[in-house]
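**Student:** Before I ask anything, here is the structure I am working with.
The values are calculated or read from the model by the stated rules, or taken from the named source; none is laboratory data. On a predicted model such as this, the values are computed, not experimentally measured, just so you know. Virtual Cβ from ideal backbone geometry, glycine too; neighbours counted across all protein chains shown. Note: accessible area is taken over every heavy atom of the protein model, side chains too, but ligands, DNA and RNA are not part of it. Shrake-Rupley method; radii C 1.70, N 1.55, O 1.52, S 1.80 Å.
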Amino acid sequence: MASPRVYTLGRLIVDLYGVEIGVDLTRVERFAKYVGGSAANTAVGLARLGVATGMIARVGHDPFGRYLLAALAREGVDTRMTTMDPALPTGLAFAALRPPDDSEVAFYGVPNANATLSAEDLHRETLSQAKFLVVGGTALASPSSSEAVLAALDCHRRAGGVNILDVDWRPAFWVDPAAARGVYRRALALTDLVLSNEPELTFVAEGREGSAAAEHLYALGVGELVAKRGAAGVDYYSPRQQLSCPAFSVPVLNTLGAGDGFAAGWVAALADNVSVPQALRFASAVAAIVVSRHGCSAAMPTRTEVSQFLARQSTMDAAQKGGEAL
């Protein structure tokens, strides 16, 4: 296995997604089991896009933990920094898909092994060799894993790597939102690029939106912001430029993995050294494919699938422009 160019750090759990579509959790009778958790979904997405990827996380010393480790290994994700906790269980998330409405999600096993991730779990020399570190914000929600996040970000920055924070703000994981902002600020000071959806941006930018939110993050030490707006597309901000990219129109089955797919596509594009407009389009294509499928990690496309999707979109765009010119 090649040395990882990217490490993801954060939530690794089992997702149990309702097979029946359009009903709530009280009426779901069958579930499909997947690798879950934002950082894990992104790791699988990156691996399927051909990027050498590793994951930093903890699972329980239980059947679900063994399932997750084996599944990541099958996807080609390096698990040398994914350890088994002897005391706490692997986390579970049950989801009911109700398109076009938001899905219903219930978390079980809180706290779970993710909360005990420790700075001692880090292989600093190995981490220092990676180009990108992608941190899921829920890893900041416990004192132990928060310490691990800050240590990883500091180590990676000192080595010259690029630090990316996927905000992944989930209020249910926090007792005090005010205290959460303080913890996030410490992480943001070590972050080069922020990925967020609209509610997450409102949180980390303390009520600000758009360019005002970006300016707030610059002041905290962040260099770039990618603000995802769902069907409205995505906005990119840096002190040098601001860009927007429209979303692709696709049938939507499940929006839960859209952001994780976008993160995988964005980092894969960065690894290819493409331009920002190209990266936005590529990442948006990955997200569009993911929302049309069941599950999150299992929905992540291969690079060939993304290329085929973009080729079809280009053909459709050309046909539409030709029709407009008549």
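**Student:** Given the criterion closer than 24 Å to residue 202 by Cβ, open to solvent by less than 70 Å² (accessible area, probe 1.4 Å), at pLDDT 95 or above and of a type outside the set (S, T, N, Q), identify the matching residue among 280, 270. Lay out the reasoning, then the answer.
**Tutor:** Numbers: 270 fails: closer than 24 Å to residue 202 by Cβ.
Result of the check over 280, 270: 280.
**Student:** Show the residue pairs that are 6+ apart or on different chains and have beta-carbon atoms under 6 Å apart, the first residue being within region 157-172 and at positive phi, the second being outside any loop (DSSP other than H, G, I, E, B) and hydroxyl-bearing (Ser, Thr, Tyr).
**Tutor:** 168/38; 168/138
**Student:** Return the only residue of 205, 219 being without any contact (Cβ under 8 Å) to a residue 24 or more places away in the chain and open to solvent by less than 10 Å² (accessible area, probe 1.4 Å). Reasoning before the result, please.
**Tutor:** Values: 219 fails: open to solvent by less than 10 Å² (accessible area, probe 1.4 Å).
Answer to the check: 205.
**Student:** Also: Pairs under 8 Å by beta carbon, first residue at negative phi in region 312-326, partner at pLDDT 75 or above, six or more apart or different chains?
**Tutor:** 313/248; 313/285
**Student:** Right, another one. So which pairs qualify, if the first residue must be in region 99-116 and farther than 21 Å from residue 8 by Cα, the second must be outside any strand (DSSP E or B) and open to solvent by 50 Å² or more (accessible area, probe 1.4 Å), the Cβ gap must be under 6 Å, and the two must be at least 6 apart or on different chains?
**Tutor:** Here the result reads 99/252; 100/252; 103/256; 109/89, each pair linking region 99-116 to a residue that is outside any strand (DSSP E or B) and open to solvent by 50 Å² or more (accessible area, probe 1.4 Å).
**Student:** Which one of 44, 14 is part of a strand (DSSP E or B) and either open to solvent by less than 10 Å² (accessible area, probe 1.4 Å) or modelled with pLDDT of 95 or more (or both)?
**Tutor:** Working: 44 fails: part of a strand (DSSP E or B).
After ruling out the rest, the residue left standing is 14.
**Student:** Determine, yes or no, whether residue 26 is among the hydroxyl-bearing types (Ser, Thr, Tyr), part of a loop (DSSP other than H, G, I, E, B) and surrounded by fewer than 21 Cβ atoms within 10 Å (Cβ to Cβ).
**Tutor:** Values: among the hydroxyl-bearing types (Ser, Thr, Tyr): yes; part of a loop (DSSP other than H, G, I, E, B): yes; surrounded by fewer than 21 Cβ atoms within 10 Å (Cβ to Cβ): yes.
It is true that residue 26 is among the hydroxyl-bearing types (Ser, Thr, Tyr), part of a loop (DSSP other than H, G, I, E, B) and surrounded by fewer than 21 Cβ atoms within 10 Å (Cβ to Cβ).
Residue by residue, here is whether (1) closer than 28 Å to residue 177 by Cα; (2) of a type in the set (Ser, Thr, Tyr); (3) in contact with a strand residue (DSSP E or B) (Cβ under 8 Å, 6 or more places away or on another chain); (4) open to solvent by less than 40 Å² (accessible area, probe 1.4 Å) holds:
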{"position": "68", "(1), (2), (3), (4)": "no, no, yes, yes"}
{"position": "77", "(1), (2), (3), (4)": "no, no, yes, yes"}
{"position": "85", "(1), (2), (3), (4)": "yes, no, yes, yes"}
{"position": "127", "(1), (2), (3), (4)": "no, no, yes, yes"}
{"position": "131", "(1), (2), (3), (4)": "no, no, yes, no"}
{"position": "134", "(1), (2), (3), (4)": "yes, no, yes, yes"}
{"position": "140", "(1), (2), (3), (4)": "yes, no, no, yes"}
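**Student:** Could you check, for region 288-304, whether at least one of its residues is in a helix (DSSP H, G or I), at negative phi, loosely packed, with under 12 Cβ neighbours inside 10 Å and modelled with pLDDT of 95 or more?
**Tutor:** Restricting attention to region 288-304, the residues satisfying the condition of being in a helix (DSSP H, G or I) are 288-291, 297-299, 303-304.
Next, from what is left, pick out any that are at negative phi: 288-291, 297-299, 303-304.
The next check asks that each one be loosely packed, with under 12 Cβ neighbours inside 10 Å; those that pass are 304.
Now narrow it down to the ones that are modelled with pLDDT of 95 or more: 304.
The answer is yes; a qualifying residue exists.
**Student:** Taking the options 91, 36, name whichever one is under 30 Å from residue 249 (Cα atoms), buried (at least 24 other Cβ atoms within 10 Å of the Cβ) and in contact with a strand residue (DSSP E or B) (Cβ under 7 Å, 6 or more places away or on another chain). Don't jump to the end; show me each part of the working.
**Tutor:** On the way: 91 fails: under 30 Å from residue 249 (Cα atoms).
None of the other options fit; the residue is 36.
**Student:** Could you look through region 1-11, keep only residues that are open to solvent by less than 40 Å² (accessible area, probe 1.4 Å) and not in a strand (DSSP E or B), and pick out the one that is farthest from residue 84 (Cα to Cα)?
**Tutor:** Here is the first cut: in region 1-11, the residues open to solvent by less than 40 Å² (accessible area, probe 1.4 Å) are 4, 6-11.
This time we only want the ones that are not in a strand (DSSP E or B), so: 4, 10-11.
Working: 4: 21, 10: 14, 11: 13 Å.
Top of the filtered list is 4.
**Student:** Let me ask something additional. Being within 16 Å of the chain's Cα centre (by Cα) and surrounded by 20 or more Cβ atoms within 10 Å (Cβ to Cβ) is the filter here; which residues of region 150-183 pass it?
**Tutor:** Going residue by residue through region 150-183, those that are within 16 Å of the chain's Cα centre (by Cα) are 162-170.
Hits for region 150-183 are 162, 163, 164, 165, 166, 167, 168, 169.
**Student:** Identify, from the list 119, 73, the residue that is farther than 13 Å from residue 10 by Cβ, surrounded by fewer than 24 Cβ atoms within 10 Å (Cβ to Cβ) and without any contact (Cβ under 8 Å) to a residue 24 or more places away in the chain. It would help to see each step written out before you state the result.
**Tutor:** Details: 119 fails: without any contact (Cβ under 8 Å) to a residue 24 or more places away in the chain.
The conditions single out 73.
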